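Peer 1: Pasting a structure here, questions to come.
Read-outs throughout are calculated quantities, based only on the coordinates presented, and are distinct from any laboratory measurement. As the structure is a prediction and not an experimental result, all values here were calculated from the model. Neighbour counts are summed over all protein chains in view; Cβ atoms, including those assigned to glycine, are modelled from backbone coordinates with ideal geometry.
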């Protein structure tokens, strides 16, 4: 027995089944990310003055990643439009570009994560504070490319920092009281940053897997039922546009404000 309304729109909604399903799914996704965005706002508003990190993210890199994701939304629309015009070859091209752009986004995000996991705040036994990227990790000492600060609060607002110069500093392990990188455990800001961007990255990877499957295995369905295959590309495109939209909100909130 054939399932009805896989291609033709339903009389009650005016949409075919898959589109009804994806809109319901996206509604639940809005609630998920909405709760996390609300948490970020409440945590930031409730933070003591001067204790919320500013300037910790690389704006040029974030801007490039934003352009990458926006471009991928354009290519996925072009892939769907190519099928509408019965141009399967162009669909393969545009969908391949979408997949490449998705992987580029994940690669850039991975670079940003690596930067945080190799960035350390070090408190010495005598109270001195150092901050920088790990260069060498030896049994009796470490070498960082960073700077010393008189007060930990100087690390929070990098926009207001007067001195951004770094130098290689050697520190004896026996004199280190606390050594902690900028992972999600470092402070509240990084916890919510990794939660928001990590969940978004998982959505990008999940969407890329679907796009890759449709690109690699879509030939057979296109030959037997082109309209249904075109609808599947439209559904994957709607999810991809949602992923793009979430990043459009994440970028200014995390990188610019």
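Peer 1: Would region 205-213 turn up any residue that is out of contact with any helix residue (DSSP H, G or I) (no Cβ under 8 Å at 6 or more places or on another chain) and either farther than 27 Å from residue 63 by Cβ or touching a residue at least 40 places away in the same chain (Cβ under 8 Å) (or both)?
Peer 2: From region 205-213, those out of contact with any helix residue (DSSP H, G or I) (no Cβ under 8 Å at 6 or more places or on another chain) are 206, 209, 213; that's our starting set.
Imposing the further condition that a residue be either farther than 27 Å from residue 63 by Cβ or touching a residue at least 40 places away in the same chain (Cβ under 8 Å) (or both) reduces the set to 213.
Scanning region 205-213, I find at least one residue that is out of contact with any helix residue (DSSP H, G or I) (no Cβ under 8 Å at 6 or more places or on another chain) and either farther than 27 Å from residue 63 by Cβ or touching a residue at least 40 places away in the same chain (Cβ under 8 Å) (or both), so the answer is yes.
Peer 1: Here's another thing I want to ask about it. Being closer than 25 Å to residue 15 by Cα and surrounded by fewer than 14 Cβ atoms within 10 Å (Cβ to Cβ) narrows it down to one of 228, 220, so name that one.
Peer 2: Values: 228 fails: surrounded by fewer than 14 Cβ atoms within 10 Å (Cβ to Cβ).
When all the criteria are applied, what remains is 220.
Peer 1: Here's something else I'd like to know. Please give the strands (runs of 3 or more DSSP E) falling wholly within region 95-176 in which 1 or more residues are more than 19 Å from residue 194 (Cβ to Cβ) and in contact (Cβ under 8 Å) with a residue 40 or more places away in the chain. Before you say what the answer is, go through the steps one by one.
Peer 2: On the way: elements: 119-124, 129-137, 141-149, 167-172.
Of the strands (runs of 3 or more DSSP E) lying wholly inside region 95-176, those with at least 1 residues that are more than 19 Å from residue 194 (Cβ to Cβ) and in contact (Cβ under 8 Å) with a residue 40 or more places away in the chain span 119-124, 129-137, 167-172.
Peer 1: Pick out the one residue from 256, 202, 190, 238 that is surrounded by 16 or more Cβ atoms within 10 Å (Cβ to Cβ) and over 30 Å from residue 124 (Cα atoms). Can you show your working first?
Peer 2: Numbers: 256 fails: surrounded by 16 or more Cβ atoms within 10 Å (Cβ to Cβ); 202 fails: surrounded by 16 or more Cβ atoms within 10 Å (Cβ to Cβ); 190 fails: over 30 Å from residue 124 (Cα atoms).
The conditions single out 238.
Peer 1: Any idea which of (1) out of contact with any strand residue (DSSP E or B) (no Cβ under 7 Å at 6 or more places or on another chain); (2) more than 21 Å from residue 77 (Cα to Cα) is the one residue 240 doesn't satisfy?
Peer 2: (2)
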